[in-house]
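Take a look at the structure set out below.
Rule-based calculations on the coordinates, nothing more; no lab input. The structure presented is a predicted model; accordingly, all values stated were derived computationally and were not measured. Cβ atoms come from the backbone with ideal geometry, glycine included; neighbour counts cover every protein chain shown.
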Amino acid sequence: NSIFNSSSLFFIRPPTTDPFRSQSHHLPPKAKAAAAVISDNLVFPDPDFSQQAHVPNFHKYAEMYKRSIEEPAEFWSEMASEFHWNNKWDQEQVYSENLDITKGSIHIQWFKGGITNICYNCLDRNIESGNGEKIALHWEGNEPSHHSSSLTYNQLLDRVSQLANYLKQNGVKKGDSVIIYLPMLMELPISMLACARIGAVHSVVFAGFSAESLEQRIIDCKPKLVITCNAFKRGHKVINLKDIVDSALSGSSQNGTYVGLCLTYANESALKREATKWQTERDVWWQDVVPNCSTKCDVEWVDGEDPLFLLYTSGSTGKPKGVVHTTGGYMVYTAATFKYAFDYKPSDVYWCTADCGWITGHSYVAYGPLLNGATVVVYEGVPNYPDPGRCWDIVDKYKVTIFYTAPTLVRSLMRDGDEYVTRYSRQSLRVLGSVGEPINPSAWRWFFDVVGNSRCPISDTWWQTETGGFMITPLPGAWPQKPGSATFPFFGVQPVIVDEKGKEMEGECSGYLCVKTSWPGAFRTLFGDHERYETTYFSAFPGYYFSGDGCRRDKDGYYWLTGRVDDVINVSGHRIGTAEVESALVSHPKCAEAAVVGIEHEVKGQCIYAFVTPVEGVGYSEELKKSLVLSVRTNIGAFAAPEKIHWAPGLPKTRSGKIMRRVLRKIASRQLDELGDTSTLADPNVVDQLIALSDS
Ligand code: WTA
């Protein structure tokens, strides 16, 4: 049991079981696979895997973890030294932080005074170390029969530099913001890197967001230009993205934010140029201008604490928040987490199915992998088009070794049957990853047994837009896994579980997941609203960053995420605020009031369930339901559409007018015997009325 007996590990209670007890190297090969899974719900790493891993055992992890906590400045300085800095950061103060709201304003800084550039570190640095001819990006289009293409690090640098020069010529300077509204074309990571190269702050808006959402973001961050494409294909559908941009830009200019340049990539496999609506004074075809620019572009050297990007995300109240990440800490943190949590080696081919429009795509399609000089697959389409075998077809085509996806996809492919998986070889795979929501143990098992042939460890990575990178994650090969548990904290991360009074709990417990000290990848503020940053994340439990998630720690010290404890719904791994959906519903002229809750969904994890009170005199009809759903689609985007509209003559409210969501959740999930105390409701009859209307 000695491996886990590092008594200095006061902060975590390590597994009490010796993870290597059953791993006899003398077992015949056949018996070895069977030994991978044993009792106690522990899944042991293959000894051959562990042996080659960056962190081969728990002991090594414990040693590194301890150092990262006791000497964070030294630990992270070493990690940072792998990168190019024009000027070293302030050695006396590698980081500075205040996470305690009772002691003053919240602030976090890492590598202040260090002068660097993340684009340089992703591209030029890898080229200088001899990897210029290595493939950086493989692009796979929506149609399997279509062409695919790839860019080496040299070629990627040329493309990025051309766009960066174009941006500079058009007056984009350090600190200016640029909105990127693109699907998963190569041009998306190229645009992000081009902004980073010249110190501009990118704000990528997921191409599934509606015109109104895009407009809101344009008004908030006032970009110098918008980068988009005319249209793209997703599965069988063609989406005319430019029409959405047109509407957002005309809306924003009516509201006082005029954007005079819309750089549009002509994606002619989806829509011809001639068929695209055009405003000559504002719109410019990418292909007409960018290729004419020089492939040499000097980088803009920035401070470690200069902003790199804004990314809007949903909270429990109000409009989406612009999460701000800065350069140095984010760079070091995404690179280190990528390397260790996926046991990345230079020979790997890596594919993450996330879209760059979300944080996962920022940190683990673009920056983390490219900083490591990895070969990354970028896929334009949907994972089950033209059939549920597409992912494995792509895995075989590019010999993908690390495959990172979301539980919702795993569950949906699992439902389609094993044959779609087993007809492909998948021999190249060595590490699997999961992100976005808790992965239920049965989906975990299927992912492990069927997709990974019981060979590949699964990194179930818990993190958030706000955290920049992985916070709690397995390190493959280092310790036994428990299906459904994100296991242990990454280096430098001190998670704590607190009770409702904010008191830290020890040992086996469950409560609210907080973090005690800063880590390099942490977000620094909310764009234009530092006060909201402080109240949303640092006021609930003074002294800690509060994640908004519930969490349990088991007797062996493993962490189990249990989902959001605030009014944020996680649909297919996408964060949606109940308040946003409610305001979209209420904007419908026939809706008087709406309350939205999340309920369990077999494939999506959670889905949106809306209670709606129509305005006086308006009857219930299927037609009205449809137009209410449409209102959410146009206000936010299709991914936020409610699964069900439940008519409500009234909503259950307390005497002070607060909606009792707890009761609504129970009605929505048909747990009628668990309604609890409803006597404090202003009108308890409302509940019976709602139950009576359950199937209407
Ligand atoms: C949830 C996505 C359990 C969680 C990277 C968090 C997870 C929210 C996991 C952040 C996981 C993400 N296990 N829950 N492995 N990963 N979550 O900002 O509720 O889009 O708060 O970042 O997703 O979502 P976001």
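Remarks
- Alpha-carbon Debye profile of region 77-131, log10 I(q)/I(0) at 0.15 Å⁻¹: -0.55
- Farthest positive-ward along region 308-422 dipole, Cα basis, beta-carbon charges - from Val365, Leu409, Pro388: Val365
- Cα-based shape type of region 346-500, given that a ≥ b ≥ c are square roots of the gyration tensor eigenvalues and the cut on a/c is 1.5: prolate
- Residue-span extension gain [Lys237 to Ser627] - 0.36 nm each, minus C-alpha spacing: 138.3 nm
- Rounded to the nearest 20 debye, the dipole magnitude of region 527-641 is 260 debye, with +1 charges on Lys and Arg beta carbons, -1 on Asp and Glu beta carbons, and the Cα centre as origin.
- A simple rule links phi to the HN-Hα coupling: the Karplus curve 6.51 cos²θ - 1.76 cosθ + 1.60 with θ = phi - 60°, which for region 283-291 gives 8, 9, 6, 3, 5, 7, 10, 5, x Hz, with x for Gly and Pro.
- Taking 0.36 nm per residue of separation and subtracting the Cα-Cα distance, full extension of the segment from Glu531 to Lys319 would add 74.9 nm.
- Shown in residue order for region 597-612 are the 3J(HN,Hα) couplings computed by the Karplus curve 6.51 cos²θ - 1.76 cosθ + 1.60 at θ = phi - 60°: 10, x, 10, 4, 9, 4, 9, 7, x, 10, 9, 8, 10, 10, 9, 10 Hz (x for Gly and Pro).
- Each label point was placed 7 Å from the Cα along the Cα-to-Cβ direction; for Ser253 and Glu602 their separation is 4.9 nm.
- Shape call, region 149-301: gyration tensor on alpha carbons, a/c limit 1.5: oblate
- For Thr487, the residues 5 or more places off, or on other chains, whose built amide H falls under 5 Å of its own are Tyr559.
- Furthest towards positive pole of dipole, Ser656, Ile667, Ser679, structure part region 611-692, Cβ charges: Ser656
- Approximate spin-label separation Ser510-Val586, in nm, with each point projected 7 Å along Cα-to-Cβ: 3.3 nm
- Region 191-300: trypsin sites (Lys or Arg not before Pro) falling in loop per DSSP and having at most 13 other Cβ within 10 Å: Lys272, Lys277, Lys296
- Applying the criteria of a DSSP loop state and at most 15 other Cβ atoms within 10 Å to the GluC sites (Glu not before Pro) of region 581-628 yields Glu602, Glu616.
- Among beta bridges that DSSP assigns inside region 69-227, antiparallel share in %, nearest 5: 60 percent
- Mean Cα-pair separation over length for region 558-614, i.e. relative contact order, pairs under 8 Å, 6 or more apart, %: 32 percent
- Ellipsoid equivalent to region 32-168 - semi-axes via the Cα gyration tensor, in Å: 33, 32, 16
- From helices alone, the chain scores -8000 deg cm²/dmol at 222 nm; the rule is -39500 (n - 2.57) for each run of n ≥ 4 DSSP H residues, then divide by the residue total.
- Selected from Ile101, Trp89, Ala335, residue furthest toward positive end of dipole (the chain; charges at beta carbon): Ala335
- Extending 7 Å from the Cα toward the beta-carbon at both Leu672 and Glu71 defines two label points whose distance is 6.5 nm.
- For region 206-233, the residues whose backbone nitrogen is under 18 Å from a point 7 Å from the Cα of Ser145, taken along Cα to Cβ, are 233.
- In this Cβ point-charge picture (+1 for Lys and Arg, -1 for Asp and Glu), the chain has a dipole of about 500 debye about its Cα centre.
- Loop-located trypsin sites (Lys or Arg not before Pro) in region 581-669 whose Cβ has at most 14 other Cβ within 10 Å (DSSP): Arg655, Lys658
- Binned Cα-Cα distances of region 585-662, short to long, each 10 Å bin given as a whole percent: 18, 49, 30, 3
- For region 274-420, the share of DSSP beta bridges that are antiparallel, to the nearest 5, is 50%.
- Cα gyration tensor shape for region 290-438, rounded if a/c is under 1.5, else prolate or oblate: prolate
- Computed from phi, the 3J(HN,Hα) profile of region 659-668 under the Karplus parametrisation 6.51, -1.76, 1.60 (θ = phi - 60°) reads 6, 8, 5, 3, 5, 4, 4, 5, 5, 4 Hz, with x in place of Gly and Pro.
- Region 326-418 - percent relative contact order, Cα under 8 Å, separation 6 or more: 31 percent
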